[in-house]
Every structure is written in structure tokens, then in C-alpha cells.
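Worksheet: the structure to be examined is printed underneath.
The values are calculated or read from the model by the stated rules, or taken from the named source; none is laboratory data. If you're wondering where the values come from, they're calculated on a predicted model, not measured in any experiment. Cβ: placed from backbone, ideal geometry, glycine included. Neighbour counts: every protein chain shown. We work out accessible area using only protein heavy atoms, side chains counted, and drop any ligands, DNA or RNA first. Shrake-Rupley method; radii C 1.70, N 1.55, O 1.52, S 1.80 Å.
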Amino acid sequence: MLKLSKRLQLIADYVTEGSRVADIGSDHAMLPVYLLQSGKSPSAIAGELNRGPFEAARKQGADAGLSDRLTVRQGDGLNVLDKGEADTVTIAGMGGSLMSEILEAGRATRKLEGVQELVLQPNVGEEFVRVWLLEHDWYLSDESIVEEDGKIYEVMHAIRISDVQARNDELYNGQFLKLSLQPGGLRKILLQMGPHLLRDPKPALFKKWRHELNKLARICGQLSESELAESAIKREQMLAEMNVIEEVLQCLLMDKPSSS
């Protein structure tokens, strides 16, 4: 059986037992091959846009003796999927903005009909994915954060549920943070940093956002050297954002000192 990286294993762990999986942007198809080998999924589809990874995915499935249960297709995003073919869609290893565009295109073309579960791992721009899920009545049931080889990854698990509006209102109620922000500001922070991650902060979360604060501080330093009015405005906005993030981190440290 294939041994997955910590990142891919986390994605695999979220997949519901017995579900038919479509892995979009599958690269070498390691995730679907593992899900088939482990018996967690009865069948899988690996979708890949580029010819090289598409051929590599086909070879991976053939070498594992899984060609009868793993269908490898070349195409853009969810276009490789027919309606009703999959219970779970996994997408990993790309930016959150692109991921949300793929999901939106799939929703518009009804490719997501019948899909009950999404497991998503954006490399950056996680807030774009959370916003898309919220706007299209998916419930973000869980999130995890993991560090591997010097990089920090967030994995999101979203499902379809009947009382999604009420559950999302509860999930994105940021009162537990005890911050002096308006409800809109609280929701923005939860979308940016992760509602589940903030409720149970792990060391990797603090490490990620300390790194982000350092990056923002460097940009602010560069902006301060400019005489343009637009640069001054941008700098003030970034300083305000940094202050909010810092306040959130300090709040989490006070509530959960063991997580620092």
C-alpha cells in the first residue's frame, strides 16, 4: 500500500468510508490509489489537466493493478466528472482562489449534483474557499492544520446538511473570541483564519500567522518609503489588519496558554 505524506493522509482520513471519490488535480493519483488500496473507497476518478501528470496517474493506477476501479481522465477541473458519479470530491495543492473558481464552475454546470462531501486543501487563500462554501450552502464540518517539510497546510472538510443556515450561523458566530469587533469584522476573521482552527488552536496556527504578520510588516516597511497617497492608504489598511490578527492571537494565547 502507498504511504502518503502527512498532508495527503489528512485528506484521506476525512474521506467517508465507502464513498466514491473524484480527485481533481490528482497529479500522480497517489490519493485515489491509497483510498482504493486501503478499501476506504470502492471506486475513484482521477482528473488531471496536464498531459504529463495525466500519464503518470494512469501508470500509477496500472502499476497498482487498479485500472478496473480507478478511472483517469484528462480535463479541466470538474469537467472530468459526470453528474452522480462521485459522493466525495477532493481538491488539493492549488491556490484557494483557483479552487473556488473550479468549485463554482462545477456548481454552474451541475457537476456537483449528488456530491455530499468536499475535502479541500488550498495552499494559499484559504478564505476564498471558506467564502465559497458559505455562500453556496455547504457546512464546514471540520478543519485541520499540519506542518510538513517547513510548510503549513490547512485541510477543510465540508458536507451537505439540511439545517445548513443555522449551523453556519453558529459556526461563524465569533463571540467566543471576546474581541471588540463588529459582527462583520468577526466573521471576516473567522473566514480568514478558520472557525474550527480558532476554536481549537494548534501550534502550527500560531506559527503560520506569526509568519504572515512578519510578511505584512515587511510590506508596510516598503510602503512607508513611497510618497504616493495610495501607498499610505494601503499601509494604514495593512496596519489595521495586523492589529486585528495580533489581537486574535493574544486572545487565543490567554484562553489556551498550552497551545503557544
Return the long-range amide H neighbours of Asn123 (sequence gap of 5 or more, or a different chain), with a cut-off of under 5 Å between placed amide H atoms.
-> Gly93, Met94, Gly95, Gly96
With Cα springs under 10 Å, the Gaussian network model of the chain assigns the largest mean-square fluctuation among Glu148, Glu17, Glu230 to Glu230
May I ask you to give the percent of accessible area on segment 66-186 that is carbon plus sulfur, with a probe radius of 1.4 Å?
-> 46
Segment 176-191 - phi-based ³J(HN,Hα) in whole Hz, Karplus 6.51/-1.76/1.60, Gly and Pro as x = 5, 6, 6, 10, 8, 10, 5, x, x, x, 5, 5, 4, 5, 5, 5
For segment 1-61, give the percent of accessible area contributed by carbon and sulfur heavy atoms, probe 1.4 Å, rounded to a whole number.
-> 53
Where only protein heavy atoms count, and the probe is 1.4 Å, what is the accessible area per residue for segment 49-89 in Å²?
-> 53
Could you check the simple spin-label distance between Lys178 and Gln37, using points 7 Å along Cα→Cβ, in nm with one decimal?
-> 4.8
Computed over segment 123-260, protein heavy atoms only, probe 1.4 angstrom, the accessible area per residue in square angstrom equals 55
Please turn the phi angles of segment 241-250 into ³J(HN,Hα) values with the Karplus equation 6.51 cos²θ - 1.76 cosθ + 1.60 (θ = phi - 60°), one per residue in order, whole Hz, x for glycine and proline.
-> 4, 4, 5, 5, 4, 4, 5, 4, 4, 5
Which of the lysines could a cross-linker bridge to Lys234, judged by Cα under 30 Å and excluding same-chain residues fewer than eight apart?
-> Lys151, Lys178, Lys188, Lys207, Lys208, Lys215
Around Glu117, which amide H atoms from residues at least 5 apart in sequence, or from another chain, sit under 5 Å from its own amide H, with H modelled in the peptide plane?
-> Val89
To the nearest 20 debye, segment 189-260 has a Cα-centred charge dipole, built from +1 on Lys and Arg Cβ and -1 on Asp and Glu Cβ, of 440
Sequence-distant or interchain residues sharing an amide H contact under 5 Å with Thr16, placed H: which?
-> none
State, to one decimal in nm, how far the label point of Leu239 lies from the label point of Lys151, with both points 7 Å from Cα in the Cβ direction.
-> 3.5
With all protein chains in place and a 1.4 Å probe, Asp169 shows an accessible area in Å² (nearest 10) of 80
Rank Phe206, Phe176 by accessible area, highest first, at a 1.4 Å probe radius?
-> Phe176, Phe206
Scoring only Lys, Arg, Asp and Glu (+1, +1, -1, -1) among other residues with Cβ under 15 Å from the Cβ of Leu213 yields +2
